[in-house]
Every structure is written in C-alpha cells, then in structure tokens.
C-alpha cells in the first residue's frame with residue numbers, strides 16, 4: 001500500500017448536529033429521505049482511497065455528511081406488540097410475537113431490527129446500557145467520516161496511543177513509530193480492531209482527543225442514542241456504554257457510509273508499513289467465512305463487556321441489524337448471531 005500526497009477531501013471540522021432527542025425509536029432509525037445527503041463510496045472507490053488514488057475533485061466539498069435519519073412518522077411495533085411511535089402513516093409489517101420458537105441467546109443483551117422499517121424482530125434487555133468494548137470503534141469511524149478529513153494524510157503512531165485505559169494492556173501487532181495514512185488507520189481499527197489505530201485517529205483529529213470524544217457524544221445525542229456515553233475512541237475503557245437499542249440506531253446510520261461498509265467487512269488485508277508487512281484478518285468469523293451477506297461488522301471484547309458484535313445484514317431480502325452484547329465466549333457470540341440470522345431468514349416476507 002502506498003502513501004499519496006493527493007488529498008481526498010478538505011477537513012471541514014465537525015458539522016452542526018441537529019438534536020433528535022424528541023424522536024421515537026422507529027422514527028430515528030428509518031432510512032433518510034431524498035433531501036438527506038449521504039456519504040457513499042463504492043468498493044472500488046474505497047480500494048482507490050487506500051492506495052491514495054482518489055483526488056478531492058471526485059467529491060463535492062460542500063456535500064454535507066450524514067447526520068442520522070430524517071423524521072418519518074410511522075407505525076412500528078416491537079416483538080411484544082407494543083407501539084413504539086404514534087401512527088401517522090401505517091406500514092405493513094409483521095408482528096413476530098405471533099411466531100413461536102424464537103431463539104434463545106447466550107448474550108446478556110440482543111436486538112434484531114428491520115433496517116428499513118425499524119420493526120424490532122427480537123429483543124433481550126435491549127434498553128439496558130452495558131460496556132461495549134470495541135463496538136466503540138464504529139462511532140469512531142462515523143466521526144472520522146463526518147469530519148471529511150484528508151484520508152491520505154500520514155499518521156505516525158506514538159507511545160501514548162498504546163496506553164490502555166484503566167491500566168489495560170493495549171496489545172497490538174503495531175508499534176510506536178509505525179506510519180500509515182488515515183485510511184489505513186481506519187481500516188486497522190474497523191477490520192482488525194487495533195486499539196492504537198483508533199487512539200491515533202482521535203489524537204490527530206482537529207482539537208485532539210477532547211474534541212473527538214465530544215464529537216462522539218454529540219453524534220450519539222443527535223442520533224437519539226440516549227443510553228450511550230463515550231469517554232475514549234478505542235473501547236478499552238468500560239465507561240464506554242450503550243444499549244442494544246442505541247447500537248441498532250448506530251449500525252443503521254453507519255450503513256449509510258460506503259467507506260465504513262467496505263472497511264468493516266474486509267475479510268483480510270496485508271498492511272505494508274514499508275519495513276514489514278502485517279497480514280491481518282477480520283475479527284468477525286462470520287465475515288471471514290463469507291457465508292452471510294454482511295454489510296457492516298464490528299466485534300468487541302473486554303472483561304467488563306464480554307464478547308460483543310454488531311452487524312448490518314441482508315436476510316431474506318430484508319435489511320436487518322443484529323446486536324449482541326455480553327456473550328460468554330467468541331464461539332457463543334458466533335452461535336448466537338448464526339441462530340438469530342437463520343431465524344430471521346425463516347420469517348415470512350412482507351406482503
């Protein structure tokens with residue numbers, strides 16, 4: 001992978017975030033309307049970006065970055081039939097409580113949600129906030145994308161980027177002094193879940209770590225993630241907390257970003273740092289194995305959080321968000337996700 005002096009985009013700083021706290025859950029996660037611009041890069045463009053071959057002229061510098069979802073008034077019901085918003089417009093959906101044999105999961109909290117309508121297909125402790133470990137990095141990626149920074153800019157890792165929160169060891173194959181462009185750092189953070197890469201992305205953000213964490217919390221508030229709080233960018237700190245409900249909103253929002261879709265679901269990549277090559281694989285076995293149509297993926301683990309994963313998938317022609325927090329083991333996490341996704345594929349299609 002070569003670095004390039006070409007600039008993908010001008011750094012525009014943090015966009016103004018409109019408050020959405022008054023919206024209902026279903027209204028928040030609905031796909032944006034035609035008046036909402038989104039940042040979307042194809043797989044080819046993302047690969048060009050990593051190789052420094054995309055110029056700033058390819059994108060309008062005045063294009064606003066995604067700010068969440070357009071308010072859509074609709075009638076959505078959860079798995080137990082409870083209304084999640086006042087109906088102003090009725091959408092034909094299925095109430096999955098009428099179907100038996102809902103799967104059990106090992107995880108402490110779980111959510112499966114229709115990514116288009118907001119229908120909650122499966123829920124377990126979905127409103128309770130838990131530590132989220134490296135699921136944090138998905139918000140890190142959203143903040144980086146929103147800032148429209150120069151993705152070809154070189155970043156050199158510093159020793160402070162390896163300082164784990166609360167005395168945790170930020171284990172890594174990276175070393176202080178390693179250099180990469182911002183796109184590579186983001187790929188390291190999303191695909192391989194490298195903590196120093198996420199820390200460096202925050203450190204090199206305009207205004208530094210303090211401004212970056214403020215932007216993370218502002219974005220969460222703007223999206224209606226009312227149970228979420230961020231204190232750093234990697235997820236090593238257990239004070240980074242969120243609920244499965246909130247993470248469903250985040251995943252659906254992150255799916256609007258082509259770069260995040262591409263980087264988070266890259267099965268493997270050889271990082272050429274100049275004097276050594278790091279052969280790296282995606283932390284999600286379901287992505288590595290390639291058996292599912294996964295559009296967004298992020299795993300996480302610290303002792304306080306257990307094994308976590310969030311995904312945006314397409315199941316039986318239905319866009320679906322899967323969130324699992326606090327599974328006992330990686331195998332249990334994978335089994336939970338497989339069981340839930342298999343169950344969704346067996347649900348009847350909409351009329």
### Query
Hey, fewest Cβ within 10 Å first, where do 283, 156 land in order?
156, 283
### Query
Between residue 345 and residue 217, what length comes free when the chain is fully extended (0.36 nm per residue of separation minus the Cα-Cα distance, one decimal in nm)?
42.6 nm
### Task
List the equivalent ellipsoid semi-axes of the stretch 107-178 in whole Å, largest first, each obtained as the square root of 5λ for an eigenvalue λ of the Cα gyration tensor.
33, 20, 9
#### Entry: Computed label-point distance, nm, for sites residue 127 and residue 102 using a 7 Å Cα→Cβ extension
1.4 nm
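A short reminder: the numbers here are calculations on the coordinates, not readings from a lab. Just so we're clear, the structure is a prediction, and the values are computed from it rather than from any experiment. Note: ideal-geometry Cβ built from the backbone for every residue, glycine included; neighbour counts use all protein chains shown.
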